[in-house]
1. With 194, 136, 213 as the choices, which residue is exposed (fewer than 11 other Cβ atoms within 10 Å of the Cβ), among the aliphatic types (A, V, I, L, M) and in a loop (DSSP other than H, G, I, E, B)?
2. Report whether or not residue 184 is hydroxyl-bearing (Ser, Thr, Tyr) and in contact with a Gly (Cβ under 9 Å, 6 or more places away or on another chain).
3. Taking residue 162 and the conditions (1) more than 29 Å from residue 96 (Cβ to Cβ); (2) out of contact with any strand residue (DSSP E or B) (no Cβ under 6 Å at 6 or more places or on another chain), which numbered condition does it fall short on, given that it satisfies the others?
4. Go through the residues of the range 118-127 one by one and say whether even a single one is among the acidic types (Asp, Glu), at pLDDT below 90 and surrounded by 12 or more Cβ atoms within 10 Å (Cβ to Cβ).
5. Which one of these is outside any loop (DSSP other than H, G, I, E, B) and of a type in the set (Gly, Ala, Ser): 84, 93, 51?
6. Hey, does the range 27-45 have a residue that's at pLDDT below 90, among the charged types (D, E, K, R) and in a helix (DSSP H, G or I)?
7. I'd like the full set of residues that are charged (D, E, K, R) and either farther than 16 Å from residue 137 by Cβ or open to solvent by less than 30 Å² (accessible area, probe 1.4 Å) (or both), limited to the range 8-26.
Amino acid sequence: MSRLDINRSAEMEVFVRVVDLGGFTAAAKSFRMTPSGVSKLVSRLEARLGARLVNRTTRKLQLTEEGQAFYQRSLRILGEINEAEREAGSGAAPRGHLMVNSNIPFGMQYVMPLLPRFLVEHPDITLDIVLTDTVIDLMQERADVAIRVGPLGASRLVARKLGTSRMAVVAAPTYLARFGEPKTPADLAGHRGIGWTFPRSIRGWPFRRGERIEEVLP
């Protein structure tokens, strides 16, 4: 089989997605393929290279030394391909499918009102907007743009700060008249708080004391 018959960049992209998502099933879902199809593609890649890239176990995938080197090189090559395509198409009108994931308050107040103008200015772009406050795996959800509040954990994602949002602890006057007014964050331990039923990056209520941030779980 000649090199022209092999889509090597697609092989790299699938292999990188398998590594990033930690398995064939998650990668298959993101590409809308079957897990067996992804597994066979990686096996063909290993056979063509003459090297084992991953050690398969029932619980997880572990990169071999050759697989780690191929993964790092694939990241650079795919990045250069994307950059070349961006440069080549810089003079053309934007087109394609854009998936945007935002938390609900920001999405409702800032993103949704911009949609009519955006679609008029970019008629060749189709939008998929998802508004949710849950903590998600952005790569597994295949989000092109995500808007979230809080720190970004260890990731290869590129983050840009859009602004800041202040938080306040509030209570109804009738509640304070019945239960008293807390004077310090520690006093909240004896009060009733309204929390969240879904996972968040910050579990409690953060308070700034000097240069330190104290988290209280009311």
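1. 194
2. No; evaluated as a whole, the condition is false for this residue.
3. Only one criterion is unmet by residue 162, namely (1).
4. Looking through the range 118-127, none of the residues is among the acidic types (Asp, Glu), at pLDDT below 90 and surrounded by 12 or more Cβ atoms within 10 Å (Cβ to Cβ).
5. 84
6. Looking for residues that are at pLDDT below 90, among the charged types (D, E, K, R) and in a helix (DSSP H, G or I), one finds at least one in the range 27-45, hence yes.
7. 8, 11, 13
Condition check ((1) among the aromatic types (Phe, Trp, Tyr); (2) farther than 24 Å from residue 29 by Cα; (3) free of Cβ contacts under 8 Å to residues at least 12 places away in the same chain) across all residues:
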| position | (1), (2), (3) |
| --- | --- |
| 88 | no, yes, yes |
| 99 | no, no, no |
| 104 | no, yes, no |
| 107 | no, yes, no |
| 112 | no, yes, no |
| 118 | yes, yes, yes |
| 125 | no, no, no |
| 130 | no, no, no |
| 139 | no, no, no |
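The values are calculated or read from the model by the stated rules, or taken from the named source; none is laboratory data. A quick note: this is a predicted structure, and the numbers were derived from the prediction, not measured. Every residue, glycine among them, receives a Cβ derived from its backbone with ideal geometry; neighbour counts consider all protein chains shown. Keep in mind that these areas ignore ligands, DNA and RNA; they rest on the heavy atoms of the full protein, side chains included. Shrake-Rupley method; radii C 1.70, N 1.55, O 1.52, S 1.80 Å.
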